[in-house]
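So the structure is just underneath, and the comments pick up after that.
The values are calculated or read from the model by the stated rules, or taken from the named source; none is laboratory data. This one's a predicted model, so the numbers in the text were calculated from it and none came from an experiment. No Cβ is skipped: glycine too gets one built from the backbone with ideal geometry, and neighbour counts run over all protein chains shown. With ligands, DNA and RNA removed, areas are computed over all heavy atoms of the protein, side chains included. Shrake-Rupley method; radii C 1.70, N 1.55, O 1.52, S 1.80 Å.
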Amino acid sequence: MSEDPKVKYELEYPVKCSKPLLFQFLSTPNGLAEWFCDDVNNKGDIYTFFWGETEQKARMIGKKADQYVKFRWLEDEEAGLKTFFEFRLVEDEITNDLSLWVTDYAYEDEVEGSKKLWDSQINDLLHLLGSN
């Protein structure tokens, strides 16, 4: 088996809101459509994300309420890649500060562009939450 051609990266964003509220925006079609894409439909564990005329399908491969949600793009799954994108909520035990960790994969020459796209999308999310 060949090595995945995509590289993993993680981003951390401080968030000032409740875990349950943030989790709704990360794990439900309505929440995701508010900031991640134009619209989302889901049937079972398959989510279809729409950006204008473009659509991409992903399978929800993991979820734990108020902790994380993990998706795998179907095109990656069909290619046998073990890549995913994940939203994980991490609370500092001492300060109770909440952070959103985004884990994703991209081709090496696309990592910086992907990070900038996440920065823009998470900024939209934080704006919606009144957290920026």
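Results, tabulated for the structure shown:
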| quantity | calculated |
| --- | --- |
| Restricting segment 92-132 to GluC sites (Glu not before Pro) in coil, as DSSP defines it, with at most 14 other Cβ within 10 Å | Glu93 |
| Overall form of segment 62-115 per C-alpha gyration tensor (a/c, 1.5; a/b vs b/c) | oblate |
| Per residue, in Å², the accessible surface of the chain once ligands and nucleic acids are set aside, probe 1.4 Å | 59 Å² |
| The chain: most fluctuating residue of Lys19, Lys70, Lys82 per GNM, C-alpha cutoff 10 Å | Lys82 |
| C-alpha center-to-center spacing [segment 14-52, segment 84-110] in angstrom | 16 Å |
| Where only alpha carbons of segment 1-101 are counted, the Rg and the Dmax (Å) | 14.7, 46 |
| Carbon/sulfur fraction of accessible area - segment 1-122, other protein chains in place, 1.4 Å, % | 46 percent |
| Under-5 Å amide H pairs with Val15, H placed in peptide plane, nonlocal only | Leu98, Ser99, Leu100 |
| Net lengthening on full extension, Ser120/Glu93 (0.36 nm per residue, minus Cα-Cα) | 6.9 nm |
| Percent of beta bridges antiparallel (DSSP, the chain, rounded to nearest 5) | 100 percent |
| Estimated FRET transfer efficiency (Ala65, Thr103; beta-carbon r; R0 22 Å; 0.05) | 0.75 |
| 9 Å beta-carbon shell around Phe50, net charge (K/R +1, D/E -1) | -4 |
